[in-house]
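> Dropping a structure here in structure tokens format, bear with me for questions.
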Amino acid sequence: MSVTSLLRCTIRLERKHVAAAHLAHRRALSGADAVNALRPFYFAVHPDFFGQYPRERTRVFHEQEVNENSLKRLNGFLDGLQRPGGGSPRPMRLTFYVRETKDGGDDVQPDLLASGTAPSPSLPLVMFPPTSLNGSAGFRCVSVTLHSGDVGSAVTSVLRSCGLPAGHAAGSKVGEVTPKRPPPFNRPVKWDKTYYTFTGFRDPEEELQRARRAEPGLISWLRTNEPAATKKLGASLPRRDELSRLKKELCHKFHLSDIRWQRSWGASHRCAQLQSLSRLSQQNPEALVHLQGHTVVFADQSGMNASGHVMLGTVDVHHQWTKLPGYRSLQQQAGWLEERISLLLGGARVVHAERLRPVQSIAEHYGALSAFHQSLMARRLRLHPRSLQGLSMLLENDRCSPSLHETGHFIIPTSADPPELQRFLQSHAPEARQRTQRQNQLQVEEQAVRGRCRLSLSLRSLSRESSLSCSQVILCCRRLLEQRPPPPMQDLHLHVSRLYSVMQDGDLCVPWDWKS
């Protein structure tokens, strides 16, 4: 073989090698590139952007909550794909509400989407809203199924499921070295005022503040809305009785601990779900034997959550409920890991506070427990077996450092360094005990003041929103007892929330910080 032929073969082989390496490199999407590619998706579903519609904030509250929980789970899934040696996360299905406008215009500026640099997560996001902002807000429900694989395929699946262009994910310049930045989930939105000055469009932030200043007082709002609430309550009484009957019947038939709902659906919606479950039990009673002894939760997806409750997806075909796999073995293994972790961490218990975190499946919870247990076993901690007894902790996949919640729970990342975790637990244990004791006292005080308030105002029921703290509910009830509004609240269902609303079944929602 001549020298020229040898050189040609060598060059040809080098080109093939470079092309293959370049292709493999482009397939591996980095964290910063994933954030950059998902920019149009964040603008379409981020809960903070729903504040553009202050007049419709009652209607969009459910969509905000669903998107917030789904974004946290998506963040944990992407982190699991990028974590070296962490294994492939289990497939999951997420639900998002994508914002749309009346004229079908996009709410995102093209120059923002085409930008190749992700905004800094430490700075507030400054946006120039387009003209379609003043249109009527609409929301399209989208289900996204994520499978184990690489980050690029997950990003592409999210974008295509929401009807967004996925070319930016495929064409991202991953060859450039960029610092790793977390997705812009928790950044405040700051609207640039000069845009509204020069265009004459309304500033949604100012509209929201104006709406809050113009918020009516409690007594005047009750006088205006009491007739409508009373009429709706009277019409809903047959549905409420039917709901109570069906719930007792199904609990007795399947020996259920309880039946709950993840969302604040009305009595008609809940009755329809229980009737579907009742018909299914009559058609195929043996297929629902896996429900026995559990708490059933009608939720966004089917499965079992971290607390061991069986979830029946309301968006699923009802016959899918009979095809749920058995979770008892996985539940037992998760319980064993929780006990082992508690022994290694001085007796602190792993708990599941659904009020503080999105719903987590038992498979996701088991994966987090297994990864955390392996990390602890690799580097044993020197903690007294009962030094942290009586305390509790939450495991998080998407946190970088441990923290202490105001309720006394330790919030621990599964990737925490064991020696640093030991120092944090030992230094914050006294404060955690004080906060836990204070929280227990507040819970007892809340139950007492809610009971007094319900009797004093002659209410049928007095409930509260789960996202509120005990201190907020106690303050609201004390003010109601002190000022004692006139009879419009008598024989009604009162719900302490964050805004005024009359529900479809006649429940009165009042903000906890209502004005006199």
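> Return the pair list, or none, for Cβ contacts closer than 6 Å from residues in the stretch 389-401 that are buried (at least 19 other Cβ atoms within 10 Å of the Cβ) and part of a loop (DSSP other than H, G, I, E, B) to residues that are at pLDDT below 90 and not hydrophobic (A, V, I, L, M, F, W, C), at least 6 apart or on different chains.
ASN397/GLY76; ASN397/THR414; ASP398/ASN75; ASP398/GLY76; ASP398/ASP79
Conditions (1) open to solvent by less than 50 Å² (accessible area, probe 1.4 Å); (2) touching a residue at least 60 places away in the same chain (Cβ under 8 Å); (3) over 23 Å from the mean Cα position of the chain (by Cα), marked per residue:
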{"position": "ASN284", "(1), (2), (3)": "no, no, yes"}
{"position": "THR295", "(1), (2), (3)": "yes, no, no"}
{"position": "SER302", "(1), (2), (3)": "yes, no, no"}
{"position": "HIS309", "(1), (2), (3)": "yes, no, no"}
{"position": "LYS323", "(1), (2), (3)": "no, no, yes"}
{"position": "ARG328", "(1), (2), (3)": "no, no, yes"}
{"position": "GLN331", "(1), (2), (3)": "no, no, no"}
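> Within the stretch 471-513, track down each residue that is touching a Lys or Arg at 6+ places or on another chain (Cβ under 7 Å), over 30 Å from THR407 (Cα atoms) and in a helix (DSSP H, G or I).
PRO488
> Right, something else. Suppose we filter ARG59, ARG73 for residues that are at pLDDT below 75 and either farther than 21 Å from ASP150 by Cα or part of a helix (DSSP H, G or I) (or both); which single one remains? Talk me through it step by step, then tell me what you get.
On the way: ARG73 fails: at pLDDT below 75.
Just a single option satisfies the conditions, and that option is ARG59.
> Considering only the stretch 152-182, how many residues are at pLDDT 80 or above and either assigned to a helix (DSSP H, G or I) or surrounded by fewer than 16 Cβ atoms within 10 Å (Cβ to Cβ) (or both)?
10
> Taking interchain pairs and intrachain pairs at least six residues apart, which have beta carbon atoms under 8 angstrom, with the first residue in the stretch 137-155 and within 30 Å of PRO204 (Cβ to Cβ) and of a type in the set (Ser, Thr, Tyr) and the second modelled with pLDDT of 75 or more and surrounded by fewer than 16 Cβ atoms within 10 Å (Cβ to Cβ)?
Listed pairs, sorted by first residue: SER143/VAL315.
> Please enumerate the residues belonging to the stretch 402-419 that are open to solvent by less than 60 Å² (accessible area, probe 1.4 Å) and either of a type in the set (Val, Ile, Thr) or closer than 18 Å to CYS470 by Cβ (or both). Let's see the steps before the verdict.
Taking the stretch 402-419 and keeping what is open to solvent by less than 60 Å² (accessible area, probe 1.4 Å), we get 402-405, 407-414, 416-419.
Within the stretch 402-419, LEU404, HIS405, THR407, GLY408, HIS409, ILE411, ILE412, THR414 qualify.
> Let me ask something else about it. Looking only at the stretch 420-428, decide whether some residue is open to solvent by 30 Å² or more (accessible area, probe 1.4 Å), charged (D, E, K, R) and closer than 21 Å to ASP79 by Cβ.
yes
> What are the residues in the stretch 325-351 that are assigned to a helix (DSSP H, G or I) and hydrophobic (A, V, I, L, M, F, W, C), if any?
Within the stretch 325-351, the subset assigned to a helix (DSSP H, G or I) is 328-344.
Residues satisfying the conditions are LEU330, ALA334, TRP336, LEU337, ILE341, LEU343, LEU344.
> Okay, moving on. Mind listing just one residue for me: the one in the stretch 333-364 that is among the β-branched types (Val, Ile, Thr) and under 24 Å from the mean Cα position of the chain (by Cα) and, of those, nearest to PHE424 (Cα to Cα)? Show your work before the answer.
Restricting attention to the stretch 333-364, the residues satisfying the condition of being among the β-branched types (Val, Ile, Thr) are 341, 350-351, 359, 362.
With the extra rule that they be under 24 Å from the mean Cα position of the chain (by Cα), the set shrinks to 350-351, 359, 362.
Details: VAL350: 17, VAL351: 19, VAL359: 27, ILE362: 28 Å.
Looking at residues that are among the β-branched types (Val, Ile, Thr) and under 24 Å from the mean Cα position of the chain (by Cα), I get VAL350.
> Step by step: first the residues of the stretch 410-430, then only those that are within 18 Å of ALA353 (Cβ to Cβ) and not hydrophobic (A, V, I, L, M, F, W, C), then the one that is modelled with the highest pLDDT. Which residue is that?
If we take residues in the stretch 410-430 being within 18 Å of ALA353 (Cβ to Cβ) and not hydrophobic (A, V, I, L, M, F, W, C), then HIS428 is modelled with the highest pLDDT.
> Let me ask you something else. Among GLU446, GLU482, GLU431, which is the only one that is surrounded by fewer than 19 Cβ atoms within 10 Å (Cβ to Cβ) and under 28 Å from the mean Cα position of the chain (by Cα)? It would help to see each step written out before you state the result.
Values: GLU446 fails: surrounded by fewer than 19 Cβ atoms within 10 Å (Cβ to Cβ); GLU482 fails: under 28 Å from the mean Cα position of the chain (by Cα).
Only one candidate qualifies: GLU431.
> Right, next: Take the conditions in contact (Cβ under 8 Å) with a residue 12 or more places away in the chain, aliphatic (A, V, I, L, M) and either touching a Lys or Arg at 6+ places or on another chain (Cβ under 6 Å) or under 20 Å from ASP79 (Cβ atoms) (or both) and apply them to ILE341. Does it pass? Let's see the steps before the verdict.
Details: in contact (Cβ under 8 Å) with a residue 12 or more places away in the chain: yes; aliphatic (A, V, I, L, M): yes; either touching a Lys or Arg at 6+ places or on another chain (Cβ under 6 Å) or under 20 Å from ASP79 (Cβ atoms) (or both): no.
No.
> Keeping to the stretch 281-299, report how many residues are modelled with pLDDT under 85 and either within 28 Å of TYR97 (Cβ to Cβ) or aliphatic (A, V, I, L, M) (or both).
Count: 4.
> Report, by residue number, each residue of the stretch 352-388 that is surrounded by 15 or more Cβ atoms within 10 Å (Cβ to Cβ), part of a loop (DSSP other than H, G, I, E, B) and among the charged types (D, E, K, R).
The answer is GLU354, ARG357.
> Pull up the stretch 422-442, narrow it to residues that are hydrophobic (A, V, I, L, M, F, W, C) and touching a helix residue (DSSP H, G or I) at 6+ places or on another chain (Cβ under 9 Å), then point me to the one that is farthest from SER403 (Cα to Cα). Explain how you work it out, then say what you get.
So the first thing to find is which residues in the stretch 422-442 are hydrophobic (A, V, I, L, M, F, W, C), and the list is 424-425, 429, 432, 442.
Keeping just the survivors that are touching a helix residue (DSSP H, G or I) at 6+ places or on another chain (Cβ under 9 Å) gives 425, 432, 442.
Details: LEU425: 9, ALA432: 10, LEU442: 21 Å.
Once the filter is applied, the top-ranked residue is LEU442.
The values are calculated or read from the model by the stated rules, or taken from the named source; none is laboratory data. This is a predicted model, so every value here is computed, not measured. Don't worry about glycine lacking a Cβ; one is built from the backbone with ideal geometry, like all the others, and counts go over all protein chains shown. Note: accessible area is taken over every heavy atom of the protein model, side chains too, but ligands, DNA and RNA are not part of it. Shrake-Rupley method; radii C 1.70, N 1.55, O 1.52, S 1.80 Å.
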